[in-house]
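To keep things clear, I will list the structure first and then write my remarks on it.
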Amino acid sequence: MPVPLLLVLDGNSLLHRAYHAGAGDGFLDADGRPVWALRGLVGFIARAAAYLRPDALVVGFDCPNDSARRNDYGGYKAHRPPKAADLAEQIAAAPELLTAAGVRTVVPPAYEADDVLASSAAHARRHGWRSVLMTSDRDAFALIDESTSVLRVRNGGFDEAVLVDAAGLPELCGVEPWQYRDFAALRGDPSDNLPGVRGFGSATAARLLAAFGSVDSAWAALDAGELHLVREAVGDKAAAQLAADGVREAVERNRRLMRMRTDLDLPELDALRLPLSMAVFRRALRERGINLGPSLWALTGGVPPQREPLDEDPIPQLRPWVIRRGMSGRRDPTPGQMSLF
């Protein structure tokens, strides 16, 4: 019997992707409100469901009112300019729209969509399910394991997405999933205003972790007077930077802020199950000026349409890629498919 699959989406990151992909296209509802990012988010959900055939679905969003991470470290995301008004409006509207359409959403007080991904993956694992986490944020790579994969959306939208599993991450980043948080903490995350260690890009961080396993082991070598071992792994300049004053505190700060919660309260998995009601879904979308129908088939228990009707703005067909290891039982690759990377 197939292992059930939970699809979890990072609503904020995908809304940002959809907004910038369609910004300025003039897609407004009858009341003049912007809807292109909302439509793009629904498109992401529909296309992922059509390809992965999940048994259940949940979408997470950042808390709009408070941030535990910013309360911990005032510089967290502090450099970001205010969101454009039309983007902020669509972010605020998204949870209500999806809830009206029958999609379960989670907006955790003081926490973020990343924490919903982490908690959902842990929730699925405890119940013997697999999960796929869909996001444009690389931080989710730290959540990969034998039951959890990440569907990362990159520039170019869904057609350029990659599905990364436990076997694929070392090929992509040079580190194992359990090393990824150290990797990210060393490299830093400019998008969150978290500086890394000077001289440590992705390649240098991967070399250090390949040699020592963890940054803690590298520091243990420094404490034992074995600077030469660190120099052999990353070179003289990078080794000196790793040993510099204040670096341990900065890396510990990054690791702390990058750690995602796995204990959020979530709905039971049976409450997240598909299919959804096509009538309810379409009515909710149409009330916001979004006209989608047959492209929602995988969410609503339908069958793939032969062609999109002329009165609907079509969502292009998926360009498939190889799904590796645990996911391969859901859809077998065929000759000519795009490789994972």
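The values are calculated or read from the model by the stated rules, or taken from the named source; none is laboratory data. Keep in mind that what you see is a predicted model, and the values were worked out from it rather than measured. Every residue, glycine as well, gets a Cβ built from its backbone with ideal geometry; the counts of neighbours run over all protein chains shown. Each accessible area value is taken on the protein alone, full model and side chains, heavy atoms only, with ligands, DNA and RNA left out. Shrake-Rupley method; radii C 1.70, N 1.55, O 1.52, S 1.80 Å.
Compared with the dominant Cα axis of the chain, that is its longest principal axis, helix 11-22 is turned about 70°. Shape annotation for the stretch 56-192: C-alpha extents along the principal axes are 40, 37, 31 Å, from largest to smallest. Axis angle, to the nearest 10 degrees, between helix 85-101 and the longest C-alpha principal axis of the chain: 60 degrees.
Summary value for the chain: 21 percent relative contact order, contacts being C-alpha pairs under 8 angstrom separated by 6+ residues. For the stretch 11-148, a simple Cβ point-charge model (Lys and Arg +1, Asp and Glu -1, everything else neutral) yields a dipole of about 260 debye relative to the Cα centre. A Stokes-Einstein calculation at 4 °C with viscosity 1.567 mPa s, built on the Kirkwood radius of the stretch 10-93 over Cα pairs, returns a diffusion coefficient of 89 µm²/s.
Using every pair of distinct Cα positions in the stretch 91-148, the Kirkwood expression returns a hydrodynamic radius of 12.6 angstrom. Sparsely packed loop sites in the stretch 137-218 (the GluC sites (Glu not before Pro) outside DSSP H, G, I, E and B with at most 16 other Cβ atoms within 10 Å) comprise GLU146. Here r is the Cβ-Cβ distance between SER67 and THR262 and R0 is 22 Å; the resulting FRET efficiency, rounded to 0.05, is 0.75. Rolling a 1.4 Å probe across the protein heavy atoms gives the chain an accessible surface of 46 Å² per residue. Modelled spin labels at ARG273 and ALA84, positioned 7 Å past Cα toward Cβ, are 4.2 nm from each other. Using the Cβ-Cβ distance between THR99 and GLU176 with R0 set to 30 Å, the FRET efficiency from 1/(1 + (r/R0)^6) comes to roughly 0.20. If I take R0 = 41 Å and measure r between the Cβ atoms of GLU160 and LYS237 in this structure, what FRET efficiency does the formula 1/(1 + (r/R0)^6) give, to the nearest 0.05? Taking R0 as 41 Å, the efficiency between GLU160 and LYS237 is 0.75. Based on Cα atoms of the stretch 198-247, Rg over Rh with Rh as the Kirkwood radius reads 0.90.
Placing +1 on each Lys and Arg Cβ and -1 on each Asp and Glu Cβ, with no other charges, gives the chain a dipole about its Cα centre of roughly 440 debye. Reducing the stretch 92-112 and the stretch 238-294 to their Cα centroids gives an inter-centroid distance of 12 Å. Subtracting the Cα-Cα distance of ALA220 and ARG126 from their residue separation scaled by 0.36 nm leaves 30.4 nm.
Computed over neighbours whose Cβ is under 14 Å from that of ARG248, the net charge equals -2, Lys and Arg +1, Asp and Glu -1. Subtracting the Cα-Cα distance of GLU252 and VAL3 from their residue separation scaled by 0.36 nm leaves 85.9 nm. Label-to-label distance for ASP29 and SER202 is 3.9 nm, based on points extended 7 Å past Cα in the beta-carbon direction.
Percent of C-alpha pairs per 10 Å bin in the chain, short distances first: 5, 24, 31, 24, 11, 4, 1, 0.
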